[in-house]
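S.K.: Have a look at the structure that comes next, please.
The values are calculated or read from the model by the stated rules, or taken from the named source; none is laboratory data. Because the structure is a prediction, the values reported are computed rather than measured. Neighbour counts are summed over all protein chains in view; Cβ atoms, including those assigned to glycine, are modelled from backbone coordinates with ideal geometry.
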Amino acid sequence: MTSSPVPDTPVEVIVDLLTKAQDIASYCDNMISDLFLAGQTLKMLIHMSQAKRVLEIGMFTGYGALSMAEALPEDGCLVACELEPYLKEFAQPIFDKSPHGKKINVKTGNAMETLKELATAGEQFDMVFIDADKNNYINYYKFIMDNNMLRLRGVICIDNSLFKARVYLNETTDSNGLALREFNQFVSNDPRVEQVIPLRDGLTLIRRVPPCKITDDEVFRGVTGRFILDRMRLDGKVAYVTGAGQGIGRAFAHALGEAGAKVAVVDLDGAKAETVVEELFLKGINAISITADISKSDDVQRMIDAIVSKWGVIHIGCNNAGINMNSASEDTSLEEWDKTFNVNLRGTFMCCQAAGRVMLKQGYGKIINTASMASLIVPHPQKQLSYNTSKAGVVKLTQTLGTEWADRGVRVNCISPGIVDTPLIHSESLRPLVQRWLSDIPAGRLAQVTDLQAAVVYLASDASDYMTGHNLVIEGGQSLW
Ligand SMILES: C[S@@+](CC[C@H](N)C(=O)[O-])C[C@H]1O[C@@H](n2cnc3c(N)ncnc32)[C@H](O)[C@@H]1O
């Protein structure tokens with residue numbers, strides 16, 4: 001036996017077992033590299049299709065299942081149908097050792113029976129991998145399509161669809177070759193799908209296509225052919241977020257980038273902005289950092305100029321930077337008032353105006369200001385007059401600009417978060433208040449920055465084009481109690 005390092009992951013365990021077998025039977029060499037390639041191909045397909053639910057018909061050792069499971073998100077799931085119970089006994093302990101194995105649910109027995117069970121339960125899949133008894137491929141395929149088990153945009157992969165080229169041999173009497181020939185013909189005549197030329201000895205990819213038109217309107221076919229989640233994508237858009245070095249702004253920058261936008265990360269603290277840019281780069285998001293104090297008009301103009309000179313346009317402006325100081329109203333100094341208003345309201349106005357001028361010229365733009373639940377209620381028991389009034393001002397600023405610029409393609413909305421669990425509220429003075437706040441929140445918890453991310457993407461996207469001057473309140477119900 002060749003000495004090799006102790007295998008670490010379950011996939012390595014399987015490869016290790018097969019490698020050891022290779023010393024006994026050298027022909028396994030091809031099989032191992034083929035198996036490895038097959039696993040990598042399947043894994044890549046899951047990544048590319050961003051599938052969350054996978055159905056594998058024919059599991060065998062579980063190598064393919066585990067390779068695919070590795071590419072699934074944490075809440076993804078793979079149902080593996082396998083005729084032979086002993087194969088489940090072989091694979092299950094390996095799955096149990098893997099952090100990805102919990103995503104796999106092995107169902108033993110005839111796959112057709114399992115399919116019926118899954119269909120009765122209304123199960124649907126983003127990807128189906130058919131790799132079992134060839135004479136049943138056509139039945140599996142028909143059952144899946146006829147019972148709507150393949151989600152819209154779903155993909156079916158068919159292994160061995162050329163069956164060592166026997167499908168092409170006119171004289172062949174090979175039952176598998178004949179079954180696959182009939183299968184391939186059936187699929188190519190099926191208007192519900194598009195089929196890709198087979199790879200390897202036949203790995204066919206079949207994509208579900210939108211159905212022929214029953215009703216020809218935008219609800220049925222999607223606005224400009226894009227369904228709702230696609231309409232929230234921000235591919236090709238340029239965004240900036242102020243106060244993006246941490247907390248809500250950082251979460252906004254990530255969300256906009258994940259949705260496809262290029263993001264200028266703006267913060268008073270340049271090092272923090274740069275760290276967020278590095279995070280975005282790691283996720284494949286194009287980003288730049290800009291150090292700016294948005295309470296200074298020169299800084300605001302420099303920020304806008306930097307974005308325009310880098311990317312030529314600004315589609316999305318998130319004016320999020322803000323500060324909060326606590327004092328009883330009778331003790332609030334003019335200095336505290338001015339400082340708070342200079343950032344929260346005057347600064348937000350300057351950003352809206354500078355970005356708005358660019359957007360009005362473009363005839364398109366989305367401005368999203370961060371207001372606060374404090375614009376609606378008076379949060380207590382902490383005392384924060386300047387903050388509350390400045391944020392009420394942000395809402396009125398948003399309403400006014402939202403209506404003034406709407407007919408020129410620029411929408412202005414704001415988000416009013418409740419109490420968000422950010423480093424700001426862990427200050428010594430605020431920490432004791434958390435229990436008190438919790439009893440005022442129907443949702444029973446503080447907001448996480450991630451609770452706000454969908455809202456900013458929605459307001460930044462074309463899906464919200466009819467919304468302007470709106471204050472979108474996200475506070476777990478707190479303002480209603
Ligand atoms: C080629 S292997 C599958 C390999 C696996 N997909 C992978 O990538 O690692 C085919 C498997 O299909 C199973 N099989 C054959 N007929 C079946 C049926 N009617 N129902 C369920 N499984 C079946 C076999 O027991 C065998 O384990």
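S.K.: Taking into account only those residues within segment 141-160 that are within 16 Å of the ligand (Cβ to nearest atom) and buried (at least 22 other Cβ atoms within 10 Å of the Cβ), which is nearest to the chain's Cα centre (by Cα)?
M.R.: Once the filter is applied, the top-ranked residue is Val155.
S.K.: What residue, among those in segment 441-461 that are out of contact with any helix residue (DSSP H, G or I) (no Cβ under 6 Å at 6 or more places or on another chain) and farther than 24 Å from Gly245 by Cβ, is surrounded by the most Cβ atoms within 10 Å (Cβ to Cβ)?
M.R.: Across segment 441-461, the extreme among qualifying residues is Ser461.
S.K.: Being part of a helix (DSSP H, G or I) and crowded, with 17+ Cβ neighbours inside 10 Å narrows it down to one of Asn344, Asn324, so name that one.
M.R.: Of the residues listed, the single one that is part of a helix (DSSP H, G or I) and crowded, with 17+ Cβ neighbours inside 10 Å is Asn344.
S.K.: Which of the residues belonging to segment 350-363 are on the phi < 0 side of the Ramachandran plot and in contact with a Lys or Arg (Cβ under 9 Å, 6 or more places away or on another chain)?
M.R.: Passing the criteria: Met350, Met359, Leu360.
S.K.: Now a separate question. Here are Ile441, Ile368: which of them is in contact with a Phe, Trp or Tyr (Cβ under 9 Å, 6 or more places away or on another chain) and over 24 Å from Asp230 (Cα atoms)?
M.R.: Just one listed residue meets the conditions, Ile441.
For every residue, the table says whether it meets (1) outside the structural domain of Tyr137 (by TED's automatic domain parsing); (2) under 29 Å from Ile206 (Cα atoms); (3) at pLDDT below 90; (4) within 11 Å of the ligand (Cβ to nearest atom).
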| position | (1), (2), (3), (4) |
| --- | --- |
| Thr2 | yes, no, yes, no |
| Tyr27 | no, no, yes, no |
| Ala91 | no, yes, no, yes |
| Ala111 | no, yes, no, yes |
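S.K.: Okay, moving on. Which residues, taken from segment 32-43, are at pLDDT 90 or above and more than 9 Å from the ligand (Cβ to nearest atom)?
M.R.: Lys43
S.K.: Looking at Met48, Met68, which one is in contact (Cβ under 8 Å) with a residue 40 or more places away in the chain, assigned to a helix (DSSP H, G or I) and of a type in the set (A, V, I, L, M)?
M.R.: It is Met68.
S.K.: Just a yes or no: is a residue in segment 219-232 within 17 Å of Val456 (Cβ to Cβ) and assigned to a strand (DSSP E or B)?
M.R.: For segment 219-232, residues within 17 Å of Val456 (Cβ to Cβ) and assigned to a strand (DSSP E or B): absent.
S.K.: For the subset of segment 255-297 comprising residues that are under 25 Å from Thr348 (Cα atoms) and of a type in the set (Asp, Glu), which member is surrounded by the fewest Cβ atoms within 10 Å (Cβ to Cβ)?
M.R.: So the residue we want is Asp269.
S.K.: Consider Tyr86 against the criteria (1) surrounded by fewer than 17 Cβ atoms within 10 Å (Cβ to Cβ); (2) farther than 19 Å from Gly109 by Cα: it satisfies all of them except one. Which criterion is unmet?
M.R.: All conditions pass for Tyr86, except number (2).
S.K.: Oh, and also: What tally of residues in segment 71-100 results from selecting those that are in contact (Cβ under 8 Å) with a residue 60 or more places away in the chain and touching a Ser or Thr at 6+ places or on another chain (Cβ under 8 Å)?
M.R.: 1
S.K.: Just to be sure, is Pro10 at pLDDT below 95, touching a His at 6+ places or on another chain (Cβ under 9 Å), away from the ligand (no atom under 11 Å from the Cβ) and not hydroxyl-bearing (Ser, Thr, Tyr)?
M.R.: Spelling it out, Pro10 is indeed at pLDDT below 95, touching a His at 6+ places or on another chain (Cβ under 9 Å), away from the ligand (no atom under 11 Å from the Cβ) and not hydroxyl-bearing (Ser, Thr, Tyr).
S.K.: Going through Gly249, Gly236 one at a time, which residue ends up being small (Gly, Ala, Ser) and at positive phi?
M.R.: Gly236 is the lone residue from the list that is small (Gly, Ala, Ser) and at positive phi.
S.K.: From the residues in segment 283-321 that are charged (D, E, K, R) and either at pLDDT 95 or above or part of a helix (DSSP H, G or I) (or both), which one is nearest to Arg411 (Cα to Cα)?
M.R.: So, considering only residues that are charged (D, E, K, R) and either at pLDDT 95 or above or part of a helix (DSSP H, G or I) (or both), the one nearest to Arg411 (Cα to Cα) is Asp305.
S.K.: Just one of Phe129, Phe125 is touching a residue at least 60 places away in the same chain (Cβ under 8 Å), more than 10 Å from the ligand (Cβ to nearest atom) and closer than 17 Å to Gly64 by Cβ; which is it?
M.R.: Phe125
S.K.: Right, next: Quick one: Ser327 ticks every box in (1) modelled with pLDDT under 95; (2) under 23 Å from Leu459 (Cα atoms) bar one, so which box is it?
M.R.: Only one criterion in (1) modelled with pLDDT under 95; (2) under 23 Å from Leu459 (Cα atoms) is unmet by Ser327, namely (2).
S.K.: In segment 254-264, which residues are among the aliphatic types (A, V, I, L, M) and more than 14 Å from the chain's Cα centre (by Cα)?
M.R.: Correct list: Val263, Ala264.
S.K.: Just to be sure I understand the filter: pairs with C-beta atoms under 8 Å, separated by 6 or more residues or on different chains, first member in segment 360-380 and outside the structural domain of Val238 (by TED's automatic domain parsing), second member polar (S, T, N, Q) and outside any loop (DSSP other than H, G, I, E, B). Which pairs pass?
M.R.: none
S.K.: Can you tell me which residues in segment 161-196 are surrounded by fewer than 20 Cβ atoms within 10 Å (Cβ to Cβ) and within 20 Å of Ala119 (Cβ to Cβ)?
M.R.: Hits for segment 161-196 are Phe186, Asp190, Arg192, Val193.
S.K.: Tell me, which residue of segment 447-472 that is of a type outside the set (S, T, N, Q) and more than 23 Å from the chain's Cα centre (by Cα) is farthest from Cys318 (Cα to Cα)?
M.R.: Checking each candidate, the answer is Tyr466.
S.K.: Further question: Just for segment 197-218: of the residues that are among the basic types (Lys, Arg) and surrounded by 13 or more Cβ atoms within 10 Å (Cβ to Cβ), which one is modelled with the lowest pLDDT?
M.R.: Arg200
S.K.: Given the options Gly58, Gly101, name the one that is crowded, with 17+ Cβ neighbours inside 10 Å and within 8 Å of the ligand (Cβ to nearest atom).
M.R.: Testing whether each residue is crowded, with 17+ Cβ neighbours inside 10 Å and within 8 Å of the ligand (Cβ to nearest atom) leaves just Gly58.
S.K.: Also, quick follow-up: Here are some conditions: (1) near the ligand (Cβ under 10 Å from one of its atoms); (2) crowded, with 24+ Cβ neighbours inside 10 Å. Ile46 meets all but one. Which one does it not meet?
M.R.: Unmet condition: (1).
S.K.: Assuming Leu401 fulfils every condition listed in (1) assigned to a loop (DSSP other than H, G, I, E, B); (2) over 19 Å from Ile323 (Cβ atoms); (3) not small (Gly, Ala, Ser) apart from one, which condition is it?
M.R.: That leaves (1) as the condition not met.
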